[in-house]
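Participant: This is the structure I want to talk about, given as structure tokens.
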Amino acid sequence: ISLTTPLLAERSALPNGSQGEVTLDWPKFQEIWTKMQAMGKRIEELEKPENLPPVPFTITQAAYKGSVGDKQTRLTAVFELDVYDPKQWVKVPFLPSNVAIMDARLNGQPVGVIQDGGFHQVLLRKPGRYSLQVQVSLRSPKPEEAPQLSFNLVPTPITLLSLDFARPKLDVVIEPSQGIDVQSSGDRHTRVTASLPPTSYVSVRWQKALTEEAAGPAKLYLDSQ
């Protein structure tokens with residue numbers, strides 16, 4: 001089979017001896033034709049309603065790590081995103097719009113963020129797995145206020161929270177949480193790590209830990225008559 005194409009460039013740009021023709025033997029042409037037919041069938045199958053994904057995206061897990069300062073609390077939030085829609089743009093909400101974002105990166109590269117429906121959202125189109133990293137700033141409680149920090153989240157199946165406090169020996173309560181670990185490092189700071197259930201709200205409270213008293217012998221007080 002001989003395929004003749006129009007010459008869009010000057011003949012001097014073509015290889016020596018070329019007349020703008022591509023020649024294929026029959027087995028090679030049959031191989032290309034078979035691949036094109038198979039590709040067309042796959043596209044038709046993917047476009048059937050029953051083969052489309054039930055959801056356009058999922059946020060598989062999220063991790064929040066940061067430090068609580070006297071005036072400001074800074075968090076680094078990392079989201080693992082899975083996009084399934086093969087054709088349409090997908091808007092993925094990851095944090096409420098009342099949260100101040102300092103920086104956002106997708107797979108390590110800067111990415112634009114839009115606000116819609118009360119949430120910060122990132123626009124994605126190509127199916128696949130993405131890593132979204134966001135720098136967040138929150139206001140820490142003032143000295144005269146209750147030592148408490150609360151903020152809203154987007155529910156995720158796996159959610160981890162890690163906070164550092166520039167104060168030693170603190171009792172920290174995180175609600176809701178499925179498990180919490182509090183560690184003090186000398187007289188410098190306290191680190192708390194917690195695993196959260198799917199939730200749209202988290203509250204962190206802390207106070208100075210009570211001094212443990214040494215256990216003594218049992219005493220009995222009574223009045224006899």
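Participant: Summing +1 for each Lys or Arg and -1 for each Asp or Glu, what net charge is found among the other residues whose Cβ lies under 12 Å from the Cβ of Ser185?
Facilitator: Details: positive: Arg167, Lys169, Arg188, Arg191; negative: Asp164, Asp187.
Its environment carries a net charge of +2.
Participant: Carbon and sulfur together cover what percent of the accessible area of the chain at a 1.4 Å probe radius?
Facilitator: With neighbouring chains kept in place, the figure for the chain is 54 percent.
Participant: Specify the inter-centroid distance of region 67-82 and region 97-113, based on alpha-carbon positions, in whole Å.
Facilitator: Here the answer is 12 Å between Cα centres.
Participant: Let me ask something additional. Nothing charged except the Cβ atoms of Lys and Arg (+1) and of Asp and Glu (-1): what's the magnitude of the dipole of the chain about its Cα centre? Round to the nearest 20 debye. Don't jump to the answer; show the numbers that get you there.
Facilitator: Details: 24 positive and 24 negative charges, 77 e Å.
The dipole of the chain has a size of about 380 debye.
Participant: Where nothing but the Cβ of Lys and Arg (+1) and of Asp and Glu (-1) is charged, how large is the charge dipole of region 100-158 around its Cα centre, in debye to the nearest 20? Intermediate values should be presented prior to the final figure.
Facilitator: Working: 6 positive and 4 negative charges, 73 e Å.
It comes to approximately 360 debye.
Participant: Might you report the magnitude of the Cβ-based charge dipole of region 129-225 about its Cα centre, with Lys and Arg at +1 and Asp and Glu at -1, to the nearest 20 debye?
Facilitator: On the way: 10 positive and 10 negative charges, 81 e Å.
It comes to approximately 380 debye.
Participant: Let me ask something additional. Specify the angular offset, from 0 to 90 degrees and rounded to the nearest 10, of the alpha carbon long axis of helix 26-46 from the longest principal axis of the alpha carbons in the chain.
Facilitator: The two axes meet at around 40 degrees.
Participant: What figure in square angstrom, to the nearest 10, would you give for the accessible area of Glu80 with a 1.4 Å probe?
Facilitator: The accessible area comes out at roughly 50 Å².
The values are calculated or read from the model by the stated rules, or taken from the named source; none is laboratory data. This structure is a prediction, so every number in the text was calculated from the model and none was measured. Cβ coordinates were reconstructed from backbone atoms using ideal geometry, including for glycine residues, and neighbour counts include every protein chain displayed. In case anyone asks, the SASA skips ligands and DNA or RNA and just uses the protein heavy atoms, side chains included. Shrake-Rupley method; radii C 1.70, N 1.55, O 1.52, S 1.80 Å.
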